[in-house]
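Student: The structure follows.
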Amino acid sequence: MIITADFHLGYGYNTKREKDCYSILDEILQEEENLILFAGDMFDSRIPRLEILSEAMGFLTKLKDKESNVKLIECDKKVNRRTLQGIPFISIYGNHERRPNLINPIQTLERAGLLINLHCEKIVLEVDGKKIAVHGMSHVPDKYSKDVLKEWNPKPVEGATNILLMHQNIDPFIYSPFEDVNLKVSDLPVGFDYIVNGHIHWKNEVDLDSGKLLIPGSTIPTQLNKKESQVRKGYFLLNEKLKFKEIKQRSFYYKTLESKEELEKFLESVEKEEIKPIIKIKIKNTSTIDLNIIEKKFKDRGILIFQREVEKKFEKQKSEILNKQLSAEEYGQKLLRDKMKLENLDDLTNSILEDDFSGIEKILRENFEKK
Ligand SMILES: [Mn+2]
């Protein structure tokens, strides 16, 4: 069984790293495992481009052509028989996919019979003659996570290996200090062999009073912070034993430096590699180092990312938006609501998302004619 999360397909679109997110798909297809459990954030955005959706569909379809011996015992929801063909892919959706009251890309793939999505639901399967119960709670805004989990109150299935999939901040495992957290490790339900949490992008494996908390981490670096630079990317393989398998990836260096001399000395010391490493350098003071010159001089060493400390202010604004758990659409709606006093705002947002120009025009005309 493969346990993984946070592919973030589509991350880095139109950059040197745009293909990196797909290497995990090839690696999984080479495995000889018969079940895949996925803890959310397959996509980097709520409405992935068709190019990206199509990569995901191609991958999931190839899983259907493989051999596996998984049998359905029971499920809290109706399961499309096609999803059980080949290697079943059991998923929850993450915060990057969640679209309240609208169809998200994971649900779209479920409709196509390519995966099973769980939200406060469980599925019981027979794998190699053993009973596996997978319980899943898709992402909810962190301020509700404790209540939703309590209300759902998942119970382990007797005689089965019980695995719970989640995608939340679970104190002390927090994605960013600016995000809400109200769920603690001590709030997690007991009796599960493994609680698998997505969302946190660096791998971790923690013993709980009963069972283990597994954080597979993202399969590519996205946050590009110090923590992410210290932990290699990969996925869990769970059979008789649990192991973490590293995937092919770029090296990732993270450094805080102050002067031009320090910067040049460090970049000269970075070894040349076949796959160019990611080199992120935080410039400590706001000195006048010309980063364009540095970048040109060292561009063959790796993918250089410079961040000056002044950008903290922007980071803070970004975090505030994330903190309020607004999606791009929700934030857009908020802007529209604040700036234009429209009545049928949801219709307008939907028309904008659908590129329905005549719809947009109609709604705007109606509103302005009334005024
Ligand atoms: Mn994520």
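The values are calculated or read from the model by the stated rules, or taken from the named source; none is laboratory data. This structure is a prediction, so every number in the text was calculated from the model and none was measured. No Cβ is skipped: glycine too gets one built from the backbone with ideal geometry, and neighbour counts run over all protein chains shown.
Student: Could you count how many residues in the range 115-166 are farther than 18 Å from GLY211 by Cβ and part of a loop (DSSP other than H, G, I, E, B)?
Tutor: So the answer is 10.
Student: Residue check: is PHE244 outside any helix (DSSP H, G or I), over 24 Å from GLU18 (Cα atoms) and at pLDDT 90 or above?
Tutor: Numbers: outside any helix (DSSP H, G or I): yes; over 24 Å from GLU18 (Cα atoms): yes; at pLDDT 90 or above: yes.
For PHE244, the condition - outside any helix (DSSP H, G or I), over 24 Å from GLU18 (Cα atoms) and at pLDDT 90 or above - is met.
Student: Moving to a separate point now. Kindly indicate whether LEU149 is crowded, with 19+ Cβ neighbours inside 10 Å, at pLDDT 95 or above and in contact with a helix residue (DSSP H, G or I) (Cβ under 9 Å, 6 or more places away or on another chain). Walk me through it before giving the result.
Tutor: Values: crowded, with 19+ Cβ neighbours inside 10 Å: yes; at pLDDT 95 or above: yes; in contact with a helix residue (DSSP H, G or I) (Cβ under 9 Å, 6 or more places away or on another chain): yes.
Here the answer is yes, as LEU149 does meet what is asked.
Student: Could I ask something else about it? Quick one: in the range 62-85, of everything that is farther than 15 Å from VAL124 by Cβ and within 24 Å of the chain's Cα centre (by Cα), which residue is surrounded by the most Cβ atoms within 10 Å (Cβ to Cβ)?
Tutor: In this case the residue turns out to be LEU63.
Student: Next question, about the same structure. Has the range 182-193 got at least one residue that is closer than 30 Å to ILE289 by Cα, in contact (Cβ under 8 Å) with a residue 40 or more places away in the chain and away from the ligand (no atom under 16 Å from the Cβ)?
Tutor: Going residue by residue through the range 182-193, those that are closer than 30 Å to ILE289 by Cα are none.
No - not one qualifying residue is present in the range 182-193.
Student: Here's a check for you: in the range 4-29, which residue that is part of a helix (DSSP H, G or I) and out of contact with any Asp or Glu (no Cβ under 9 Å at 6 or more places or on another chain) is farthest from LEU238 (Cα to Cα)? Can you show your working first?
Tutor: Initial filter on the range 4-29 (part of a helix (DSSP H, G or I)): 20-29.
Remaining after also requiring out of contact with any Asp or Glu (no Cβ under 9 Å at 6 or more places or on another chain): 20, 23-24, 26-29.
On the way: ASP20: 25, SER23: 21, ILE24: 17, ASP26: 19, GLU27: 16, ILE28: 14, LEU29: 16 Å.
Checked the range 4-29; the qualifying residue farthest from LEU238 (Cα to Cα) is ASP20.
Student: Which of the residues belonging to the range 204-262 are closer than 24 Å to ARG308 by Cβ, touching a strand residue (DSSP E or B) at 6+ places or on another chain (Cβ under 7 Å) and away from the ligand (no atom under 15 Å from the Cβ)?
Tutor: Once the filter is applied, which keeps residues that are closer than 24 Å to ARG308 by Cβ, touching a strand residue (DSSP E or B) at 6+ places or on another chain (Cβ under 7 Å) and away from the ligand (no atom under 15 Å from the Cβ), the range 204-262 yields LYS226, SER229, ARG250, PHE252, TYR253, TYR254, LYS255, THR256, LEU257.
Student: Let me ask something additional. On the basis of being touching a residue at least 24 places away in the same chain (Cβ under 8 Å), within 16 Å of the ligand (Cβ to nearest atom) and surrounded by fewer than 19 Cβ atoms within 10 Å (Cβ to Cβ), does ASN197 make the cut?
Tutor: Values: touching a residue at least 24 places away in the same chain (Cβ under 8 Å): yes; within 16 Å of the ligand (Cβ to nearest atom): yes; surrounded by fewer than 19 Cβ atoms within 10 Å (Cβ to Cβ): no.
So ASN197 does not fit the description; no.
Student: Please state which of the following conditions GLN325 fails to meet, knowing it meets all the rest: (1) at negative phi; (2) at pLDDT below 70.
Tutor: (1) is the only condition that GLN325 fails.
Student: State the number of residues belonging to the range 167-179 that are assigned to a loop (DSSP other than H, G, I, E, B) and at pLDDT below 95. Quick ask: steps written out before the conclusion?
Tutor: Step one: filter the range 167-179 for residues assigned to a loop (DSSP other than H, G, I, E, B), giving 167-169, 172, 174-179.
Still in the list and also at pLDDT below 95: 172, 174-179.
Selection size over the range 167-179: 7.
Student: Quick one: which of ARG111, ARG81, ARG98 is within 16 Å of the ligand (Cβ to nearest atom) and among the charged types (D, E, K, R)? Outline the logic, then answer.
Tutor: On the way: ARG111 fails: within 16 Å of the ligand (Cβ to nearest atom); ARG81 fails: within 16 Å of the ligand (Cβ to nearest atom).
One residue alone meets the criteria, ARG98.
Student: While we're here: Do any residues in the range 151-177 that are not assigned by TED's automatic domain parsing to the domain that holds LEU214 have Cβ atoms under 6 Å from those of residues that are among the charged types (D, E, K, R) and in a strand (DSSP E or B), where the two are at least six apart or on different chains, and which pairs are they?
Tutor: From residues that are not assigned by TED's automatic domain parsing to the domain that holds LEU214, there are no pairs.
Student: Pairs under 8 Å by beta carbon, first residue at positive phi in the range 113-127, partner assigned to a strand (DSSP E or B), six or more apart or different chains?
Tutor: CYS120/GLY136
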